[in-house]
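J.: Encoded as structure tokens, here's the structure I'll be asking about.
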Amino acid sequence: MKIFGGSLVKKNIVANLFGGVVVTILTLVITPLQIDILGIQSYGVIGFIATLQVAFSIFDLGLSSTLTRELAIDKTPNKSKCHKLIGTVGAVYWIVAIVIGSLLWIFSESLSQWWFKSEDIGQNTLTFSFKVIGLYLGLRWPVSMYIGILSGLQRMGALNAIKIGVTITRLGGGLIVLLFWKTLDAFLIWIAFSAFLELWCYWLACKKIIPKITLYRNFSFNEIKRIWKYSLGINILSITGILIIQMDRIFLSKMGSLEELGYYTLGYAAVSGIGLILGAINSAAFPWLSESFHHEDRTEFLSRYNKSSLAILLIVGLFSAVMIFYSHLVISLWVNEVTSNHSYLLLTILAAGSWISASIANLYNVAIASGRLSWHIKVNGILILPYFICLYIAIKYFGAIGAASSWLFLNITYVIFLVNPINVEILGLNAKKWIKNIFCPALMTGILAFLPLKLLAFYLEFSQFKQLLVMVISSLIYIFIGYFVVKTYSKADLLKDFFLLYKFK
């Protein structure tokens, strides 16, 4: 019953999942303590930092994904062909980091006055927050480059060891700071310091693996000429994707109160575990797919695509189902019942949207592995304006619930627009096979495992303890059904025969 054939990719996924689980547990444990000490408004500012960090990643210029792809397909010892590329990309990253950090520091007061309502926290605190955010983003900016290097080298063990250590330092140290000083200012200073430690650790890891890499001596304009078309495509896709995906929190931070943003951020923090698990598989699957695609092994490439797609949906599906069917219980146990009353519906909608997003995550991996990004770019271009209008209206009349619902419908739209063209034009597969062999089995596994017992618990008005017991039983049923779905899939010869019907496009 093999889902992933290579031992390296198995180790990478296990390392990524372990790292993701540890980070998720730490986040789940420390988040309610942060809210209790700082209050929901200050927690909204912390959530805004994460949103701003993702939004500013549009200046990544597609270079991180380019590094991962180039290193994955470079078969020379010590990846020597990529030394100039690493040096060139490194110089660009550091220039952008300095510019972004400086601008946010200089214009901190104006930005804070324009963006937030000062009566929620206080203008001085908000201005200082923007200064530290600028420092934090500047220090953390080059981290994407080093992650791209480690991912391309498929050194997920080292990558996740650093991720876990940095998360423990950032969250654990931040909690200690809050216990002693109990202020948002002190916490943000610690966050900026932890960004410096994170950058230093990633640099040491990359230097140890490839001792000869430098960021300046190997700078080459020829490397820029060689990769600019692919990087530009990635960057356009990244810009439109980030604008679309992050705009719900950006609109809500501007149109709503910090309290509402805080509840929305809490919902996102809860589903962040889904994102981490998805990222754990994707970061291992992307170089894995790139390697097979560029060595023209069609059967192996399609086999890897189908196996990883099914694995993504089944693994992510378990955590999504828990949050969809037991959102109130999850937040009540995690934070408290009062907070759950304000945010459980947000979590249900966001978890559903996250699962739908996971269903097409591998289509993105295929697109960037093959360098054929046109369909993703076209769809983003088509959706961006209608989505912004829908989001504005939804938030205006329904607040945070409107933002979450818009996110759910956005991902449903992505499925409608992307599944058929990517499967047909890039993979040469019938999209109906994707629905039949991947999407429906994963969806039905979640419904059969969770829905009947949830209806029973609702009808009989189970206590919190009984609901928790039923949730655990449903999770075990899900694992049991999922095991047989994978087992049946792995034994079938249908896929092997099906691959031979199409020419590799």
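The values are calculated or read from the model by the stated rules, or taken from the named source; none is laboratory data. This is a predicted model, so every value here is computed, not measured. So basically every Cβ, Gly included, is an ideal-geometry build from the backbone, and we count neighbours across all protein chains shown.
J.: Is it fair to say I435 is surrounded by fewer than 20 Cβ atoms within 10 Å (Cβ to Cβ), within 26 Å of the chain's Cα centre (by Cα) and of a type in the set (A, V, I, L, M)?
T.: Answer is yes for this residue.
J.: Just one of G267, G262, G273 is surrounded by 21 or more Cβ atoms within 10 Å (Cβ to Cβ), in a helix (DSSP H, G or I) and either at pLDDT below 75 or in contact with a strand residue (DSSP E or B) (Cβ under 9 Å, 6 or more places away or on another chain) (or both); which is it?
T.: G273
J.: Would you check which residues across region 178-228 are more than 28 Å from A161 (Cβ to Cβ), at pLDDT 75 or above and assigned to a loop (DSSP other than H, G, I, E, B) and list them?
T.: Result: K182, T183.
J.: Moving to a separate point now. As an exercise: evaluate V335 against (1) at pLDDT 85 or above; (2) aliphatic (A, V, I, L, M); (3) farther than 25 Å from L232 by Cβ; (4) more than 21 Å from the chain's Cα centre (by Cα) and give the number of the one condition it does not meet.
T.: Only one criterion is unmet by V335, namely (1).
J.: Evaluate the following for T68: is it assigned to a helix (DSSP H, G or I), at pLDDT 80 or above and closer than 30 Å to W228 by Cα?
T.: Yes.
J.: A further question follows. Can we say A367 is touching a His at 6+ places or on another chain (Cβ under 6 Å), under 26 Å from F319 (Cβ atoms) and in contact (Cβ under 8 Å) with a residue 12 or more places away in the chain?
T.: yes
J.: Would you confirm whether or not region 22-29 contains a residue that is modelled with pLDDT of 75 or more, farther than 29 Å from P211 by Cβ, assigned to a helix (DSSP H, G or I) and over 23 Å from the mean Cα position of the chain (by Cα)?
T.: No, every residue in region 22-29 fails to be modelled with pLDDT of 75 or more, farther than 29 Å from P211 by Cβ, assigned to a helix (DSSP H, G or I) and over 23 Å from the mean Cα position of the chain (by Cα).
J.: Inside region 392-505, counting only helices (runs of 4 or more DSSP H) that do not spill past its ends, which hold 2 or more residues that are among the hydroxyl-bearing types (S, T, Y) and modelled with pLDDT of 80 or more? First the steps, then the outcome.
T.: Working: elements: 400-421, 431-434, 440-459, 464-491, 494-499.
Counting at least 2 such residues, we get 400-421, 440-459, 464-491.
J.: If you don't mind, another one. Could you go through region 382-396 and let me know if any residue there is within 30 Å of K436 (Cα to Cα), crowded, with 17+ Cβ neighbours inside 10 Å and out of contact with any Asp or Glu (no Cβ under 6 Å at 6 or more places or on another chain).
T.: Scanning region 382-396, I find at least one residue that is within 30 Å of K436 (Cα to Cα), crowded, with 17+ Cβ neighbours inside 10 Å and out of contact with any Asp or Glu (no Cβ under 6 Å at 6 or more places or on another chain), so the answer is yes.
J.: Could you grab me the full set of residues in region 159-180 that are surrounded by 18 or more Cβ atoms within 10 Å (Cβ to Cβ) and small (G, A, S)?
T.: The one that is surrounded by 18 or more Cβ atoms within 10 Å (Cβ to Cβ) and small (G, A, S): G174.
J.: Going by the structure shown, is L329 in the same structural domain as L410 (by TED's automatic domain parsing), closer than 30 Å to K466 by Cβ and at pLDDT 80 or above? Give the steps one after another, and end with the answer.
T.: Details: in the same structural domain as L410 (by TED's automatic domain parsing): yes; closer than 30 Å to K466 by Cβ: yes; at pLDDT 80 or above: yes.
It is true that L329 is in the same structural domain as L410 (by TED's automatic domain parsing), closer than 30 Å to K466 by Cβ and at pLDDT 80 or above.
J.: Restricting to region 322-368, and then to whatever is aromatic (F, W, Y) and part of a helix (DSSP H, G or I), can you tell me which residue is surrounded by the fewest Cβ atoms within 10 Å (Cβ to Cβ)?
T.: Within region 322-368, the match that is surrounded by the fewest Cβ atoms within 10 Å (Cβ to Cβ) is W334.
J.: For F293, work out the one condition from (1) under 23 Å from the mean Cα position of the chain (by Cα); (2) at pLDDT below 80; (3) surrounded by 24 or more Cβ atoms within 10 Å (Cβ to Cβ) it doesn't fulfil.
T.: (1)
J.: If I filter region 148-158 down to residues being in contact (Cβ under 8 Å) with a residue 60 or more places away in the chain and aliphatic (A, V, I, L, M), which single residue comes out as surrounded by the fewest Cβ atoms within 10 Å (Cβ to Cβ)?
T.: Looking at the filtered set, the residue picked out is L153.
J.: Within region 455-479, count every residue that is under 27 Å from the mean Cα position of the chain (by Cα) and free of Cβ contacts under 8 Å to residues at least 12 places away in the same chain.
T.: Summing the residues that are under 27 Å from the mean Cα position of the chain (by Cα) and free of Cβ contacts under 8 Å to residues at least 12 places away in the same chain in region 455-479 gives 2.
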